[in-house]
1. Of all residues in the range 147-173, how many are closer than 22 Å to Asp56 by Cα and either free of Cβ contacts under 8 Å to residues at least 12 places away in the same chain or in contact with a Leu (Cβ under 8 Å, 6 or more places away or on another chain) (or both)?
2. List pairs: first residue in the range 71-83 and under 15 Å from Val234 (Cβ atoms), second residue exposed (fewer than 14 other Cβ atoms within 10 Å of the Cβ) and among the hydrophobic types (A, V, I, L, M, F, W, C) anywhere in the structure, Cβ distance under 9 angstrom, at least six positions apart or on different chains.
3. For the range 147-160, which residues satisfy the criterion of being within 27 Å of Pro204 (Cβ to Cβ) and in a helix (DSSP H, G or I)?
4. Could you list all residues from the range 217-229 that are in contact (Cβ under 8 Å) with a residue 60 or more places away in the chain and more than 15 Å from Lys253 (Cβ to Cβ)?
5. Just the residues that are over 24 Å from Gly105 (Cβ atoms) and either buried (at least 19 other Cβ atoms within 10 Å of the Cβ) or in contact with a His (Cβ under 7 Å, 6 or more places away or on another chain) (or both), please, taken from the range 131-149.
6. Can you pull out the helices (runs of 4 or more DSSP H) entirely within the range 174-273 that have at least 3 residues that are among the basic types (Lys, Arg), loosely packed, with under 14 Cβ neighbours inside 10 Å and out of contact with any strand residue (DSSP E or B) (no Cβ under 7 Å at 6 or more places or on another chain)?
7. Could you tell me which residue of the range 161-173 is surrounded by the fewest Cβ atoms within 10 Å (Cβ to Cβ), considering only residues that are outside any strand (DSSP E or B) and in contact with a helix residue (DSSP H, G or I) (Cβ under 7 Å, 6 or more places away or on another chain)?
8. Could you please find all residues in the range 123-173 being among the acidic types (Asp, Glu) and either within 14 Å of the chain's Cα centre (by Cα) or more than 16 Å from Leu195 (Cα to Cα) (or both)?
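The values are calculated or read from the model by the stated rules, or taken from the named source; none is laboratory data. All values derive from a computational prediction rather than experimental measurement. All Cβ positions, glycine included, derive from the backbone under ideal geometry; neighbour counts span all protein chains shown.
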Amino acid sequence: MEKIKQAIELAKQKKMQEAKKVSVSNIDDHLNEKANNDEIGKIEYSSTLIQQLNKDILKKNRVIVDEESDEVDTAYRMLRTQVLQKLVANEWNSLAITSPGNNQGKTLTAINLAFSLAREVNYTVLLVDFDLKRPGIHQYLGITPRAGISDFLLHDTPLDKMLMNPGINRLVILPGREALSNSSEMLKSKKMLKLVDELKSRYPSRLVIFDLPPLLETDDALAFSPFVESLLLVLEEGKANEEDIKQSLNLLKGTHLIGTVLNKSREVQKVSY
């Protein structure tokens with residue numbers, strides 16, 4: 001009898017300890033994501049904000065709206081296939097996207113790749129805006145977030161108040177909102193690293209895409225690189241000079257750089273990976 005009482009007491013203590021853990025605020029608890037590789041069908045979002053996007057704004061900002069049979073969409077589908085092959089082969093589920101400098105297409109690449117990956121029936125996708133100094137995913141999508149990652153870091157805003165579904169099945173976005181001047185410190189903070197671990201490990205069927213700042217503009221991307229499994233480098237043809245590329249590749253030594261994307265190529269079909 002005494003042993004039973006002890007067992008019950010231990011169970012209570014364990015439950016209380018688990019309740020005290022800092023949780024990522026029920027991040028898509030409502031998603032019936034499968035823990036195996038079965039196909040994930042239509043997801044019903046019950047707490048994540050569903051925000052329909054304006055297709056005219058998306059097209060203006062070069063975001064792929066539908067699965068169109070054009071050269072750009074074909075290039076992204078090829079990129080999606082190659083990225084998936086790398087991730088699956090290494091049992092990775094997180095990818096960070098960066099570039100040598102600003103305005104070379106890293107954010108647009110992150111968005112279009114996430115949209116394309118969400119079409120895969122075996123995965124859900126979480127797109128995260130970690131360009132804390134210049135958050136831009138919401139601008140490409142033409143939306144005003146009710147809250148962003150800065151609100152989580154500065155004001156302890158629960159993540160379920162920030163997550164949004166853009167009307168695309170199997171895709172959730174964690175946007176940015178307010179720019180942070182101390183972004184490098186924030187990216188390496190215990191609070192942020194706990195968040196990252198939760199985002200990557202909560203669902204086996206989830207792929208997490210992080211949009212990072214440019215490599216040569218700040219040390220944010222380099223500081224964050226040890227905490228993500230793979231990286232993709234975006235280069236704009238005619239803008240990324242040889243010295244910047246060499247410096248970027250040198251900085252990324254020791255990371256899992258899985259490839260490069262040549263943006264704004266004069267020959268669209270030869271966007272390289």
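1. Of the residues in the range 147-173, 7 are closer than 22 Å to Asp56 by Cα and either free of Cβ contacts under 8 Å to residues at least 12 places away in the same chain or in contact with a Leu (Cβ under 8 Å, 6 or more places away or on another chain) (or both).
2. Partner pairs satisfying both residue conditions: Val72/Val268; Ala75/Val268.
3. Hits for the range 147-160 are Ile149, Phe152, Leu153, Leu159, Asp160.
4. Pass one, the range 217-229, residues in contact (Cβ under 8 Å) with a residue 60 or more places away in the chain: 217-218, 220-221, 224-225, 228-229.
Those that are in contact (Cβ under 8 Å) with a residue 60 or more places away in the chain and more than 15 Å from Lys253 (Cβ to Cβ): Glu217, Thr218, Asp220, Phe224, Val228, Glu229.
5. Within the range 131-149, the subset over 24 Å from Gly105 (Cβ atoms) is 146-147.
Within the range 131-149, just Ala147 meets the criteria.
6. Details: elements: 183-187, 190-201, 220-224, 242-251.
Correct list: empty, since no element meets the threshold.
7. Narrowing the range 161-173 to residues outside any strand (DSSP E or B): 161-163, 166-170.
Checking which are in contact with a helix residue (DSSP H, G or I) (Cβ under 7 Å, 6 or more places away or on another chain) leaves us with 162, 166, 168.
Numbers: Met162: 24, Pro166: 21, Ile168: 16.
My answer is Ile168.
8. The answer is Asp129, Asp131.
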